[in-house]
Amino acid sequence: MDMPNKKTKRDAAATAKVEALSVSKTFKRDGGEEVAAIGDISLSIAEGEFAAFIGPSGCGKSTLLYMVAGFEKPTGGKVRMNGHVIDRPRPDRGIVFQEYVLFPWLTVEGNIRFGIDLQKQPDADARVEHLIKLVGLRGFERAYPHTLSGGMQQRVAIARALAYDPELLLMDEPFGSLDAQTKRRMIKDFITVWEETKKTVIFVTHSVEEALLLADKVYLFSARPSRIKQVFSVDLPRPRDISEPSFIGIQRELLASLDEEVEKMMG
Amino acid sequence: MSEIQIHRAGEARSPSAEFAAGFGHKALGGLRFISPILIVLALWEFSSRAGLVNAVLLPPPSAIFRNMGRLFQSDTGFWNSPLVGHIEVSLMRLLAGYGMAAVLCTALGLLMGINRRVYAFFDPIVTVIMPIPSLAWVPIVILWLGMSNATIIFVVFLTAMFPIIYNSAAGVRSISKKHLWAAELMGASRQKIFFKVLLPGAMPYVITGHILAVSLAWRALVGAEMLAGAGLGLGYMIFDARTFMDTETVYAGIMVIAVLGLLIEKGVFRPLQRFTIERWGTVRAG
Ligand SMILES: Nc1ncnc2c1ncn2[C@@H]1O[C@H](COP(=O)(O)OP(=O)(O)O)[C@@H](O)[C@H]1O
Ligand SMILES: [Mg+2]
């Protein structure tokens, strides 16, 4: 996976990888009542950045992620990638959902190959083999997803999203349904994977610890209709130590700010 | 102490478990399946011979099997025997009616699953017609098509239609939006999404629909043949034998129907299930 990053015609330094410009999103419920999920969000994520979205539940983190993926359209404003407005899902992005969303009729290998085969990319076998090794799935190539634990299934999903070499990896609470122990291991292993691939990542989470262990920048969403309340830069080398004073300091600050928003959401 | 007991229990189980895992498992399963049937046949044989029941209404199984043997014989060999003839006609009718339904109705069901408007149009129609017992159609179909093969095939088709349509549509609709999104993001065109996601994703339901269709169609076929068999088919054979009080032939026919029904289900659909949805872990209850 050590391919050089594809540069667009514009200078990568001048153009953010992902930009949201005054984005808003309103949903119409079945009853006709409107829900303003995202109020007004502007942000800019740099090439190679590991960005985490955190905020109270229902504040529109997934919605914004799906707009970056091209699954949803903003009601107002623009979402851009490499300087171009995102029009539809394209394979320059990869996604990992909380619920794995693997194809149960394909083996581990079949799932990982899915994107590569669709795009008829060369060296499929070598890439799949490398990824299987990288995410720690060796020996499970021929297994069907339902025979694997949640953690293993999520490893498959991560490999599947990276396999066709997208520029941007979108992750929607990927470790949210794993037990605490598996989650710690996944975070540690994912740091290794990310350090090898150096993709730009947007990682949605509701765990302050997870965000601070992984991200370069943590974007804190306010209560609904959301805006970006605060951006935390985490300039600590990885792997990070949760017992280190600098980690604890930033964690306390982030938690306090998040709690304020959760309180607002509650009533 | 308890640890030792657990260990012993494990030891005691392992040889039999190993035995059961291989060929022995199948043989044992087969024996378990066949024994109760043999016991009932033995009781039946005894009651009939001992005169506990009317031997004309309930002839002994031995006589039924002897008669079945005769029905499988002819001057020009097994393949030209009357019973093989009836079986052949019944199976051809089943295949023709089910085959048409399989092609047309799987396609319609999938289309309903994909397209909201097609679904909105056909769903109420399917919902209203589905609960009608297919034999209720026989009189009107006889008026349309006469006492002919076409009538029987059409009734089989009608019976097989609805479970296939209903389940194929439900199969497509069961696929989560996120699966489609994931495929789309990985660069799948609409055509690729159909073949690589919708079709395999709907498969568990589609297979259920087809199993249901064939088993219902097999039942309807026999009934329709009694009413419009036109001289051929297992249903006709049974009905015709009854008018001559030839109960041995009636029972022989019933047994053949039972065995063929079982063979179709266990021999065709079970393996299909095993190689697809059981491997994928997407088996549906029921
Ligand atoms: N398709 C939809 N239709 C209606 N409401 C939606 C839809 N998707 C999300 N919402 C609503 O928008 C809000 C934000 O949702 P979401 O982005 O999933 O929040 P988060 O991921 O931050 O928990 C929630 O109130 C949710 O109920
Ligand atoms: Mg969410």
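Using a 10 Å cut-off on Cβ to Cβ distances, tally the other chain neighbours for every residue of A:166-173 and report the average as a whole number.
Numbers: counts 3, 0, 0, 0, 1, 0, 1, 0.
Per residue, the number of nearby Cβ atoms from other chains is 1 on average.
Determine which lysines satisfy two conditions relative to B:Lys26: a Cα distance under 23 Å, and not lying fewer than 8 residues away in the same chain.
Here the lysines satisfying the reach criterion relative to B:Lys26 are B:Lys266.
Any lysines with Cα under 17 Å of the A:Lys217 Cα? List them, leaving off those in the same chain fewer than 8 positions away.
The reachable lysines, counting only those whose Cα sits under 17 Å from A:Lys217, are A:Lys17, A:Lys61, A:Lys198, A:Lys199, A:Lys229.
Once you have the Cα-Cα distance between B:Val259 and B:Phe194, take 0.36 nm times their residue separation minus that, and quote the gain in nm to one decimal. If you can, show how the numbers build up before the last one.
Numbers: separation 65, 0.36 × 65 = 23.40 nm, distance 3.78 nm.
Stretched fully, the B:Val259-B:Phe194 segment lengthens by 19.6 nm.
Can you tell me the FRET efficiency between A:Lys73 and B:Ile140 if r is taken as the Cβ-Cβ distance and R0 is 45 Å, rounded to the nearest 0.05? Write out the running numbers ahead of the final one.
Values: r = 52 Å, r/R0 = 1.15.
Between A:Lys73 and B:Ile140 the formula returns 0.30.
Checking the a/c ratio against 1.5 first, then a/b against b/c, what shape does the Cα gyration tensor give for the protein assembly as shown? Let's see the in-between values first.
Values: a/c = 2.98, a/b = 2.11, b/c = 1.41.
It is prolate, given that a/c is not under 1.5 and a/b is the larger ratio.
In percent, what relative contact order does segment A:162-211 have, based on Cα pairs under 8 Å that are 6 or more apart in sequence?
Details: 33 pairs, mean separation 27.8, N = 50.
Once divided by the residue count of segment A:162-211, the mean separation gives 56 percent.
Under a 10 Å cutoff between Cα atoms, tell me which one of B:Gly229, B:Gly97, B:Gly29 has the largest fluctuation in the Gaussian network model of chain B.
Sorting by GNM fluctuation, first place goes to B:Gly29.
If I build a Gaussian network model for chain A, linking alpha-carbon pairs within less than 10 angstrom, which residue out of A:Arg80, A:Arg90, A:Arg29 has the largest mean-square fluctuation?
Most flexible of the set in this elastic network: A:Arg29.
Taking chain B as a Gaussian network, where each spring joins two C-alpha atoms under 10 Å apart, which residue of B:Ile165, B:Ile152, B:Ile142 fluctuates the most?
Sorting by GNM fluctuation, first place goes to B:Ile142.
Not counting the cut sites, what is the longest span of chain A without GluC sites (Glu not before Pro) that DSSP labels loop and that have at most 14 other Cβ atoms within 10 Å? Present the calculation step by step, with values, prior to reporting the outcome.
Working: sites that count: A:Glu33, A:Glu141.
Between exposed loop sites, the widest span is A:142-267.
Take each uninterrupted DSSP H stretch in chain B, measure its Cα extent along the helix axis, and return the ones at 30 Å or beyond whose mean Kyte-Doolittle hydropathy is at least 0.0. Provide the component values of the computation, followed by the final result.
Working: long enough: B:23-49 (38 Å, 0.85); B:82-114 (47 Å, 1.51); B:149-173 (36 Å, 1.40); B:199-228 (40 Å, 1.20).
Long hydrophobic helices here: B:23-49, B:82-114, B:149-173, B:199-228.
When DSSP beta bridges are limited to those with both residues in the protein assembly as shown, what percentage is antiparallel, rounded to the nearest 5?
Details: 20 of 38 bridges.
Percentage antiparallel, nearest 5: 55.
Nearest 10 degrees, 0 to 90: what angle lies between the long axis of helix A:150-163 and the longest principal axis of chain A (Cα atoms)?
80 degrees
Please give the average number of partner chain Cβ atoms lying within 10 Å of the Cβ of each residue in A:89-95, rounded to a whole number. Before the final figure, lay out each step's value.
Details: counts 9, 4, 5, 2, 2, 3, 5.
Counting other chains' Cβ atoms within 10 Å and averaging over A:89-95 gives 4.
Suppose a student asked you for the relative contact order of chain B, using Cα pairs under 8 Å spaced at least 6 residues apart; what percent would you report? Could the numbers behind the result be given before it?
On the way: 294 pairs, mean separation 55.0, N = 286.
Once divided by the residue count of chain B, the mean separation gives 19 percent.
Filter the trypsin sites (Lys or Arg not before Pro) in segment A:161-267 down to the DSSP loop ones having no more than 15 other Cβ atoms within 10 Å, then list what survives.
Working: sites: A:Lys183, A:Arg184, A:Arg185, A:Lys188, A:Lys198, A:Lys199, A:Lys217, A:Arg227, A:Lys229, A:Arg240, A:Arg252, A:Lys264; in loops: A:Lys198, A:Lys199, A:Arg227, A:Arg240.
Passing both the DSSP loop test and the Cβ count: A:Lys198.
Rounded, prolate or oblate: pick one for chain B, where a ≥ b ≥ c are the square roots of the eigenvalues of its C-alpha gyration tensor, a/c under 1.5 means rounded, and failing that, prolate if a/b is larger than b/c, else oblate.
Working: a/c = 2.61, a/b = 1.16, b/c = 2.25.
Oblate, because a/c is 1.5 or more while a/b does not exceed b/c.
Under a cut-off of 18 Å between alpha-carbon atoms, report the aspartates and glutamates in cross-link reach of A:Lys28, not counting same-chain residues fewer than 8 places apart.
A:Asp40, A:Glu72
Quick check: net charge around A:Asp125, other residues with Cβ under 12 Å of its Cβ, Lys/Arg +1 and Asp/Glu -1?
Working: positive: A:Arg113, A:Arg127; negative: A:Glu109, A:Asp117, A:Asp123, A:Glu129, A:Glu141.
Every neighbour counted, the sum reads -3.
Read-outs throughout are calculated quantities, based only on the coordinates presented, and are distinct from any laboratory measurement. What you see is a predicted model; the values in this text were computed from it and never measured. For neighbour counting, all protein chains shown are included, and Cβ atoms are generated from backbone atoms with ideal geometry for every residue, glycine included.
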